[in-house]
Each structure stands twice: as C-alpha cells, then as structure tokens.
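Asker: Let me begin by handing over the structure; questions about it come next.
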Amino acid sequence: MTCNPHHLINAYWRLRNNTENVVLATIIETLGSTYQKAGARMLIADNGELNGLLGGGCFERDLVEQAHTVFETENPKTLFYDMRSPDDAVWGLGLGCNGAVRVLLQLLKADNDFHPLNRIVEVSESHTAGILATVYESEHPDYSIGNSFFLAEFELDDLSQKGNTPVSITEAAKQTWRRRKPTLDTCLIDRHAVKLFFDLIRPEAQLLVLGAGVDAIPVVQFAKALGWRVTIVDHRPGYIKPERFPNIDALLHSMPEDLHERLPLDRFDALVLMTHSIEYDERYLRIIAASRIPFIGLLGPVHRRDRLLDSLGADAPNIAAKVFGPVGLDIGAETPEEIALSIMAGIHAALKGRDGGQLGIKDCHPQ
C-alpha cells in the first residue's frame with residue numbers, strides 16, 4: 001500500500017451526505033526528507049477544514065489558501081514547496097523538513113461522486129487493486145490537468161491492449177505496477193506530451209486474528225487505529241461477543257478445519273495466532289499453511305514456534321520464512337497493551353521490509 005486510505009474512505013462516506021465540493025491534495029513527487037511521500041492525500045473543505053496531513057504543518061496553511069483558487073476557478077493546479085533552504089524563514093515556520101514536495105490540487109465535485117476519490121473507495125470495498133493515473137501537465141487538448149484514469153489489476157496483468165486508454169498510459173501503468181511504487185511519467189498521445197502521476201491503489205490492509213481472548217482486544221484497537229480491517233475468529237462460541245470488539249469488521253465462530261471454507265484467507269496481509277492452545281494453534285496452522293498470507297505471527301517462545309512448524313511435517317518449509325515467533329518487536333513489552341503495540345509494530349515493519357531499529361541510533365551513538 002503506497003498510503004493508508006482509511007481517512008479518505010471515512011471522509012467519502014461523510015461527503016455523500018452533502019453536496020459540497022472538496023479539494024483533493026495529492027503529493028506526486030518528493031525530494032529529500034519529507035513528512036509524507038508520493039501518494040499521500042489530504043482533503044480540503046471550502047471552509048479550510050483539513051482531513052489528513054501532508055507536510056506536518058510545513059505548508060498546510062498555504063495549501064488552504066491555494067485551494068480557495070481551485071474552488072473559485074474549478075481548475076486544478078500543481079504546487080512546489082522547497083524546504084531545503086537553511087533559512088529559517090522558509091514558509092515562516094522554520095521546521096527544518098529539509099525536503100521538497102510537489103502537490104497536485106484537484107476539485108472533487110459532488111455531482112460527479114467526488115471522482116477519483118470514489119474509485120479509491122471502490123478499490124477498498126471490492127478488495128481489488130490497480131493504478132490511478134492522473135494528468136498534472138498536458139499539451140493534449142483532450143487530456144486536461146486533473147483527469148484521472150483507473151486501470152484495474154486484471155487489466156495490468158493482461159499484456160494485450162484493451163479499452164480506450166492509450167497504449168502509452170497503459171504501458172506506463174504496468175511499469176508502476178511492477179515497481180510497486182508511485183512514479184511520474186511522460187506519455188506521448190497523438191504526438192502530444194502528457195505528464196501523469198501513476199499511483200498504486202490498494203484496499204486497506206487486513207489482519208486476521210485467530211483467538212478472541214482478552215489480549216486480542218488491544219491488538220484489534222491498535223490495528224484499527226492504523227486503518228486496518230480486522231477479522232477475529234475463535235473456536236469458542238462464548239468468546240465471540242460483539243460487545244467485546246465494538247469496532248471489529250468481522251467476528252466469526254469457526255473450527256480450524258472449516259476456516260478455509262468460511263474465509264478467503266489469501267485476502268489477508270497478516271495473521272496472528274493467539275488461541276493460547278497448542279492443539280488449536282496446530283490445527284489452525286495446518287489450514288493456514290496452504291494460504292498466501294505473507295505474515296504469520298505466533299505467540300510464545302522459539303521452541304513453541306518450532307514445535308508448531310514441526311507439526312506441519314512436509315508443509316513446514318513452505319511457510320517457515322513467513323512465520324514470526326515470538327511475534328513482535330523487542331520493546332520490552334510486558335502488559336497486554338505493550339505486547340499488542342509490539343505485535344503491530346512488528347507486522348508493519350516486516351511488510352514494509354524494515355527491521356524495526358531506532359531511526360536515530362547512528363546519530364545518537366556514533367562509531
């Protein structure tokens with residue numbers, strides 16, 4: 001996921017209840033150290049209210065002022081904020097971000113269902129993915145700045161050219177899909193140069209928790225705070241009570257052997273096994289082994305993890321590399337809340353390809 005769309009999705013459903021237009025601010029390029037990276041988005045209301053944050057306060061005030069022009073003219077605009085100057089007077093804030101960002105402002109109209117925000121929501125609701133291509137500079141009369149095109153995953157996997165999208169845009173979108181990160185590209189359409197921002201759009205990350213004990217409650221709370229969709233499964237009917245998990249997306253009673261028939265397991269980005277029963281952990285893990293879930297977290301010490309893997313027999317090597325046990329980062333966690341923080345931090349780090357070390361450790365402890 002290039003960015004977490006959680007706040008945008010919630011905002012969209014609120015916007016559906018009124019007829020007011022909003023401005024979408026999207027970071028399309030960054031240079032150096034910045035608060036957010038390309039693909040981050042924020043909504044600006046006509047009254048200046050913000051939903052999201054792009055610059056950590058560095059340039060939001062100016063964005064609001066620039067958005068007024070977009071509301072008035074209905075014309076999109078691209079802005080460039082360079083905060084790499086050593087002068088503390090940059091933007092009058094002196095926050096020292098030491099980076100630069102290019103931001104595209106687009107008017108989202110209520111009578112057009114707030115396109116392209118509606119496509120981002122559709123991706124999340126349908127559990128699909130794809131590339132959103134948005135024009136930010138154009139010499140072509142038919143491809144105006146702010147125009148957006150969405151290419152679904154199945155279109156990108158197909159090497160043949162289908163639909164009305166120009167070949168150059170489709171090919172650039174496929175390159176972005178392969179690289180798995182946002183890009184700027186110039187496409188030639190009828191010999192006219194069109195510059196587009198290509199962004200990978202994915203649904204909200206999904207977590208599966210197997211075990212609805214007391215220690216699962218803070219795990220759900222942290223995951224929901226991060227914008228994840230969370231499903232909890234337990235083999236004990238008495239544990240599956242909605243009042244214990246008021247913000248849960250799905251709560252399911254299922255025996256291990258029925259799990260693959262009750263849930264599309266490959267949809268999940270991470271799983272935490274916390275039944276606190278070695279027998280049930282073994283039974284659930286046997287079903288999970290056939291899935292494509294990229295992160296499987298286990299509670300307990302290393303020898304417990306090894307025992308669970310050994311119980312899989314010949315299937316163990318197929319999933320050993322994605323099994324983390326004990327799950328979580330080493331932060332000295334003791335309480336259920338601390339352990340939940342450790343678990344979610346460990347999942348986030350692993351899925352982002354990071355080791356979870358201190359960001360400033362080298363500066364604090366020079367060799």
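The values are calculated or read from the model by the stated rules, or taken from the named source; none is laboratory data. This one's a predicted model, so the numbers in the text were calculated from it and none came from an experiment. When we count neighbours, we look across all protein chains shown, and the Cβ atoms used for this are built from the backbone with ideal geometry, even at glycine.
Asker: Where in the stretch 279-367 are there helices (runs of 4 or more DSSP H), lying fully within it, with 3 or more residues that are at negative phi and within 22 Å of the chain's Cα centre (by Cα)?
Answerer: Here the list reads 336-351.
Asker: If you go through the stretch 242-258, how many residues are part of a loop (DSSP other than H, G, I, E, B) and either under 14 Å from V220 (Cα atoms) or of a type in the set (A, V, I, L, M) (or both)?
Answerer: Result for the stretch 242-258: 6.
Asker: Could you go through the stretch 259-269 and let me know if any residue there is part of a strand (DSSP E or B), surrounded by 18 or more Cβ atoms within 10 Å (Cβ to Cβ) and touching a residue at least 12 places away in the same chain (Cβ under 8 Å).
Answerer: no
Asker: Considering only the stretch 72-87, state which residues are farther than 16 Å from Y136 by Cβ, modelled with pLDDT of 85 or more and more than 28 Å from the chain's Cα centre (by Cα).
Answerer: Within the stretch 72-87, E72, T73, E74 qualify.
Asker: In addition: Which residue pairs have Cβ atoms under 6 Å apart, sit 6 or more places apart or on different chains, and have a first residue in the stretch 165-189 that is closer than 13 Å to F150 by Cα and at pLDDT 90 or above and a second that is surrounded by fewer than 18 Cβ atoms within 10 Å (Cβ to Cβ) and not aliphatic (A, V, I, L, M)?
Answerer: Correct list of pairs: A172/D185.
Asker: What about H260, is it over 24 Å from E204 (Cβ atoms) and in the same structural domain as A216 (by TED's automatic domain parsing)?
Answerer: Against the criterion (over 24 Å from E204 (Cβ atoms) and in the same structural domain as A216 (by TED's automatic domain parsing)), H260 does not qualify.
Asker: Given the conditions (1) among the aliphatic types (A, V, I, L, M); (2) at pLDDT below 95; (3) in contact with a helix residue (DSSP H, G or I) (Cβ under 8 Å, 6 or more places away or on another chain), report the number of the one that L271 does not fulfil.
Answerer: Every condition holds for L271 apart from (2).
Asker: Inside the stretch 26-35, can you point out the residues that are in contact with a strand residue (DSSP E or B) (Cβ under 6 Å, 6 or more places away or on another chain) and within 16 Å of M83 (Cβ to Cβ)?
Answerer: Residues satisfying the conditions are I27, E29, T30, L31, G32, S33, T34.
Asker: Taking the stretch 295-348 as the search range and keeping residues that are out of contact with any strand residue (DSSP E or B) (no Cβ under 8 Å at 6 or more places or on another chain) and of a type in the set (V, I, T), which one is surrounded by the most Cβ atoms within 10 Å (Cβ to Cβ)?
Answerer: I339
Asker: Can you tell me which of G55, G32 is crowded, with 22+ Cβ neighbours inside 10 Å, touching a Cys at 6+ places or on another chain (Cβ under 9 Å) and not assigned by TED's automatic domain parsing to the domain that holds K181?
Answerer: Unique residue meeting the criteria: G55.
Asker: Examine the stretch 36-48 for a residue that is out of contact with any strand residue (DSSP E or B) (no Cβ under 8 Å at 6 or more places or on another chain), in a loop (DSSP other than H, G, I, E, B) and modelled with pLDDT of 90 or more, and state whether such a residue exists.
Answerer: Scanning the stretch 36-48 turns up at least one residue that is out of contact with any strand residue (DSSP E or B) (no Cβ under 8 Å at 6 or more places or on another chain), in a loop (DSSP other than H, G, I, E, B) and modelled with pLDDT of 90 or more.
Asker: Here is a further query. Can you tell me which residues in the stretch 141-164 are of a type in the set (G, A, S), over 15 Å from L184 (Cα atoms) and either modelled with pLDDT of 90 or more or outside the structural domain of A193 (by TED's automatic domain parsing) (or both)?
Answerer: S144
Asker: Does N51 satisfy the criteria of being in contact with a His (Cβ under 8 Å, 6 or more places away or on another chain) and not aliphatic (A, V, I, L, M)?
Answerer: Criteria met by N51.
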